[in-house]
1. Is there a pair in 24/130; 12/499; 138/429; 52/499; 158/429; 179/429 whose C-alpha atoms are over 32 Å apart, and which pairs would that be?
2. Provide, for q = 0.22 Å⁻¹, the log10 of I(q)/I(0) from a solvent-free Debye sum over equal Cα point scatterers in the range 120-163.
3. Taking H placed 1.01 Å from N in the peptide plane, check which residues at least 5 places from residue 68 or on another chain put their amide H under 5 Å from its amide H.
4. Considering the options 462, 536, 452, tell which one lies farthest towards the positive end of the dipole of the range 452-538, charges being +1 on Lys and Arg and -1 on Asp and Glu at the Cβ, about the Cα centre.
5. Given 25 °C and 0.890 mPa s, compute D for the range 445-530 with the Stokes-Einstein relation, Rh being the Kirkwood radius over Cα pairs; round to the nearest whole µm²/s.
6. Ignoring solvent entirely, what values of log10 I(q)/I(0) come out of the Debye formula for the range 443-484 at 0.19, 0.24 Å⁻¹ when each Cα is a single scatterer?
7. If the viscosity is 0.692 mPa s and the temperature 37 °C, what Stokes-Einstein diffusion coefficient in µm²/s follows for the range 145-206 when Rh is the Kirkwood radius over Cα pairs?
8. Where nothing but the Cβ of Lys and Arg (+1) and of Asp and Glu (-1) is charged, how large is the charge dipole of the range 2-61 around its Cα centre, in debye to the nearest 20?
Amino acid sequence: MKASQFFISTLKEAPADAEVVSHKLMMRAGMIKKLGAGIYTLMPMGLRVVQKVEAIVREEMNRAGAVELSMPVVQPAELWQQTGRFGSMGPELLRIADRHGNDFVVQPTSEEVVTDIARQEIRSYKQLPKNFYQIQTKFRDERRPRFGLMRGREFVMKDAYSFDRDQASAKASYQVMAKAYRRIFDRFGLTYRAVAADSGAIGGDLSEEFQVIAATGEDAIVYCPTSDYAANMEKAEALAPVDPRKAASQAMVKTPTPGMATCADVATFLNIPLWNTVKSLVLATDETNVAGEVCKTQVWLLLLRGDDSMNEVKVSKVPGLATNRRFATLAEIDEHFGCEPGYLGPLGLKKPVKLVVDREVAVLADWVCGANEADFHITGVNWGRDLPEPNLVVDIRNVVAGDPSPDGLGVLAIERGIEVGHVFYLGTKYSQAMKATFLDQNGKPQFMEMGCYGIGITRLPAAAIEQNHDERGIIWPDALAPFTVVICPINAERSPDVKAASDALYAELMTAGVDVMLDDRGERPGAMFADWELIGVPHRVNIGDRALKEGNVEYQRRREAAATAVPLADIASVLL
Ligand code: ATP
Ligand code: MG
Ligand code: MG
Ligand code: MG
């Protein structure tokens, strides 16, 4: 592709409504354009990224034995009435009427339609298992569309639906999908975690979300660094040994002076023998705390009383502390806080540690945490958007029943994630509601066992950017980049050699099937480089007269600080 033929439209500033970095950068790089709340045009540059996502998802779905179809975006309400979802779904479901007054919905997902297909098409056990998928536009009238493509109202989802003859086979189909999802997210080159999610009324463990780890993620996830336990917050809360909400009503931190709290304040307020029973406690106030009071500041405290057998304690973003760091022993904490040895150790905390809160922090989510004693849990705990990961570490027994860590003394780490995929075993919920049966080996009708599997196709590039960017712009993993290589000829209009070398390299890479862009716009080098760094193309070749005289070109990897000189004769093989 030549830049003169393509459409490139970059911005110096992001629009004011762009809060998170991915939204800002996608707007600035000219990848998306807003049409309305949660509704975006995919501009040519953005569409290329989305198509890369689609291609990998399609390849892996096909490899896993799923078959692609395409279901209507606008669906008759009648089917949705059969499952009851036309009435029960709430305002996220966009309901429309045609000229005859017939009700329709715009698909937010497609269980009804796919089940309707299956009940008509699948007669015998011999036709099972089947997995149908589509990559299609969805509409959800989200309460709070935001962050650009991250939480749109119109978005593209890959949705797959498996049909099986029995539970065992359905669970096998689920595992095939879960495995395919790992391959997919591995190929994107993203750091992610598969976490247990709430499986609703069906029960069991067969619901997992795939969460791309990012500080700006809307979901909180809990994992154990020493075991394979990982769950989203709802799931972890559901397993908590005490009713945290009830326990919370008594717990709130009052700050004597606005923006200031001491450990002693907390101890007094909680009215508990804190120093004798509490090993660790992390809490924070929110804009509105559990008592409904508005406090505009956020406080992070780590209260300690225990012994050196605590294997790890992390103080996260305690305002007033210069750095966030991990402490291996209580003695180290003493030292860091400037206390005499033993203050925070076995003798207890004698001198309150004063924590000064000096700024407002945007709040993302609520979470329950507390002491490792029943009934001392605290709700209304929140994270600031700028907290490092993992945000905090709490004693594992605070949160999870049944000690998922191997030694029972592990810690739980909490970090934030972006849900990019979800696999879900459905059982016969939809097949029963819609009477989708097949004949088994004995000629008896049976309800089909189902599963559903979603991937946020348009959310994924946003999640990738949250994880891969710097102050100059996006840094695409190769698999997602709109162009893999960009050639930047420098002053080509004045140098026939530069032009010839650029054209030749372009032709060679094109022939080899590389997604290559030739920037023939005649821009100044600085402007050209800034554009491609913003857009995030992972490999750039600068071809200029000076280096060319020595037979070289400049090869710049987006992820690296400096360019390297590469002989013109070798550059194609370096890139291929
Ligand atoms: P969320 O918790 O973020 O609202 P969800 O659990 O409602 O997502 P699912 O019904 O599981 O979403 O849909 C499958 C996938 O579709 C999600 O994992 C997510 O990646 C994507 N998705 C859901 N809602 C949106 C949205 N509003 N914008 C973009 N992608 C979305
Ligand atoms: Mg949702
Ligand atoms: Mg969700
Ligand atoms: Mg989900």
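1. From 24/130; 12/499; 138/429; 52/499; 158/429; 179/429, over 32 Å: 24/130.
2. -0.76
3. Hits under the 5 Å cutoff: 133.
4. Farthest along the dipole direction, towards plus: 452.
5. Approximately 151 µm²/s, per Stokes-Einstein.
6. The calculated log intensity ratios at q = 0.19, 0.24 Å⁻¹ are -0.67, -0.88.
7. For these conditions, the coefficient is 229 µm²/s.
8. Magnitude of the dipole: close to 280 debye.
Where a number appears in this text, it was derived from the coordinates with a stated rule and is not lab data. Since the model is a prediction, treat every value here as computed from it, not as a measurement. Positions of Cβ are backbone-derived with ideal geometry, glycine not excepted, and every protein chain shown enters the neighbour counts.
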